[in-house]
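The values are calculated or read from the model by the stated rules, or taken from the named source; none is laboratory data. Predicted, not measured: the structure shown is a model, and the values here were computed from it. In this analysis, Cβ positions are derived from the backbone assuming ideal geometry, glycine residues included, and neighbour counts consider all displayed protein chains.
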Amino acid sequence: MGENDTTPVAALQELAVKGGFRKPYYELMSQSIGSDTDTSRFQCLVTAAGIKASGSGWSKQTSKNQAAQRVLMKMGIEVPYETPATFFFKMASRASEEALKREKSKYL
């Protein structure tokens, strides 16, 4: 999704393999399942190369990626990543902007 398709989870896994340290260990700390995804929350803790970080989100995948991204940031590594919800929101906003420009051009 977006410009960079590498997720923080994949980047951290690859770094572990190349760096010769144990693969990251993910632990689901808490989950609150609501009637829809808007009310569901997950919290994950990841440990990699002796560094721990937590992440939270509306899905297990999102919480794992946020936790992995935080470990990478503590290591000084930046992996651009946007959640699926952010990606779709941006796409919808761009489509709305383009439609607005088309409408404006009709009157100019």
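Only one of the numbered conditions (1) at pLDDT below 90; (2) exposed (fewer than 14 other Cβ atoms within 10 Å of the Cβ) is not met by Lys18, and that is (1).
For the stretch 75-83, check the following and say yes or no: at least one residue is in contact with a Phe, Trp or Tyr (Cβ under 6 Å, 6 or more places away or on another chain), at negative phi and either at pLDDT 95 or above or surrounded by 13 or more Cβ atoms within 10 Å (Cβ to Cβ) (or both). Checked against the condition, which is being in contact with a Phe, Trp or Tyr (Cβ under 6 Å, 6 or more places away or on another chain), at negative phi and either at pLDDT 95 or above or surrounded by 13 or more Cβ atoms within 10 Å (Cβ to Cβ) (or both), the stretch 75-83 yields no hits at all.
Looking only at residues of the stretch 50-64 that are in contact with a helix residue (DSSP H, G or I) (Cβ under 7 Å, 6 or more places away or on another chain) and farther than 19 Å from Ile33 by Cα, we find that the one that is surrounded by the most Cβ atoms within 10 Å (Cβ to Cβ) is Ala53.
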